[in-house]
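The values are calculated or read from the model by the stated rules, or taken from the named source; none is laboratory data. This is a predicted model, so every value here is computed, not measured. Here the Cβ is made from the backbone with ideal geometry for all residues, glycine too, and neighbour counts use every protein chain on show.
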Amino acid sequence: MGTRIIIREEQLKSLVGYIKESSDHTTMVNTIVADLAKNYTPEITTKRQGGEYFETPSFQIKADGSMTTGKNLLRYLSMKYGDMVSDDFIKQVIRDWADDSIKDGYLSKNVSMG
């Protein structure tokens with residue numbers, strides 16, 4: 001026979017809130033990642049500045065093959081998803097997506113959606 005656990009109503013509300021937040025978090029990560037994968041390819045570009053070469057993360061736009069910066073991509077996604085999540089959240093999703101470090105909808109660093 002299964003084991004029963006008795007919890008108080010406050011504990012139940014806390015658990016339900018945690019599960020809902022976790023589910024919303026994962027759903028939002030997966031939504032933004034799907035958008036990124038459909039429309040962009042992460043690239044490393046090399047730029048010469050002051051006689052030295054610097055590697056910069058950039059993103060190729062699949063629709064026309066042009067390149068955009070992380071800052072411009074963040075700006076665009078903030079306009080698209082900014083009413084649902086914070087810029088820090090979007091920035092972490094972009095970073096983890098480019099590094100291929102998102103596993104099962106979880107980011108490599110715990111960042112609040114709000």
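State which residue pairs qualify: first residue under 15 Å from H25 (Cβ atoms) and inside the stretch 83-97, second residue among the aromatic types (F, W, Y) in any location, beta carbons under 7 Å apart, and separation of 6 or more residues or different chains.
Note: pairs meeting the criteria are I90/Y81.
Would you confirm whether or not the stretch 15-23 contains a residue that is surrounded by fewer than 11 Cβ atoms within 10 Å (Cβ to Cβ), at pLDDT below 85 and of a type in the set (F, W, Y)? Talk me through it step by step, then tell me what you get.
Keep residues of the stretch 15-23 that are surrounded by fewer than 11 Cβ atoms within 10 Å (Cβ to Cβ), which gives 16-20.
Subset that is at pLDDT below 85: 16-20.
From the residues that got through so far, the ones that are of a type in the set (F, W, Y) too are 18.
Yes, the conditions are met somewhere in the stretch 15-23.
Among K62, K71, K91, which is the only one that is of a type in the set (K, R) and over 15 Å from the mean Cα position of the chain (by Cα)? Step through it out loud before you land on a result.
Values: K71 fails: over 15 Å from the mean Cα position of the chain (by Cα); K91 fails: over 15 Å from the mean Cα position of the chain (by Cα).
So the residue among K62, K71, K91 that is of a type in the set (K, R) and over 15 Å from the mean Cα position of the chain (by Cα) is K62.
In this structure, does I32 turn out to be of a type in the set (A, V, I, L, M) and within 25 Å of the chain's Cα centre (by Cα)?
Criteria met by I32.
What are the residues in the stretch 48-66 that are farther than 15 Å from R95 by Cα and in contact (Cβ under 8 Å) with a residue 24 or more places away in the chain, if any?
Residues satisfying the conditions are K62, A63.
Of all residues in the stretch 27-47, which are without any contact (Cβ under 8 Å) to a residue 60 or more places away in the chain and surrounded by 12 or more Cβ atoms within 10 Å (Cβ to Cβ)?
T31, D35, N39, Y40, T41, P42, E43, T45
Would you confirm, using the coordinates I've provided, whether G82 is modelled with pLDDT under 95, closer than 21 Å to N110 by Cα and in contact with a Pro (Cβ under 7 Å, 6 or more places away or on another chain)?
When the stated conditions are applied, G82 does not pass them.
Collect the residues in the stretch 105-114 that are assigned to a loop (DSSP other than H, G, I, E, B) and not β-branched (V, I, T), keeping them in residue-number order.
Hits for the stretch 105-114 are G105, L107, S108, K109, N110, S112, M113, G114.
Can you find a residue in the stretch 88-100 that is surrounded by fewer than 16 Cβ atoms within 10 Å (Cβ to Cβ) and under 21 Å from S23 (Cβ atoms)?
Keep residues of the stretch 88-100 that are surrounded by fewer than 16 Cβ atoms within 10 Å (Cβ to Cβ), which gives 88, 99-100.
From the residues that got through so far, the ones that are under 21 Å from S23 (Cβ atoms) too are 88.
Within the stretch 88-100, one or more residues are surrounded by fewer than 16 Cβ atoms within 10 Å (Cβ to Cβ) and under 21 Å from S23 (Cβ atoms).
Quick check: is even one residue across the stretch 65-83 out of contact with any Phe, Trp or Tyr (no Cβ under 7 Å at 6 or more places or on another chain), surrounded by 14 or more Cβ atoms within 10 Å (Cβ to Cβ) and of a type in the set (V, I, T)?
The answer is no, given that none of the residues of the stretch 65-83 is out of contact with any Phe, Trp or Tyr (no Cβ under 7 Å at 6 or more places or on another chain), surrounded by 14 or more Cβ atoms within 10 Å (Cβ to Cβ) and of a type in the set (V, I, T).
Residues of the stretch 59-104 being closer than 22 Å to E43 by Cα and assigned to a loop (DSSP other than H, G, I, E, B), which ones?
Correct list: K62, A63, D64, G65, S66, D100, S101, I102.
Residues that are buried (at least 16 other Cβ atoms within 10 Å of the Cβ) and on the phi < 0 side of the Ramachandran plot: does the stretch 50-59 have at least one?
Yes - at least one qualifying residue is present in the stretch 50-59.
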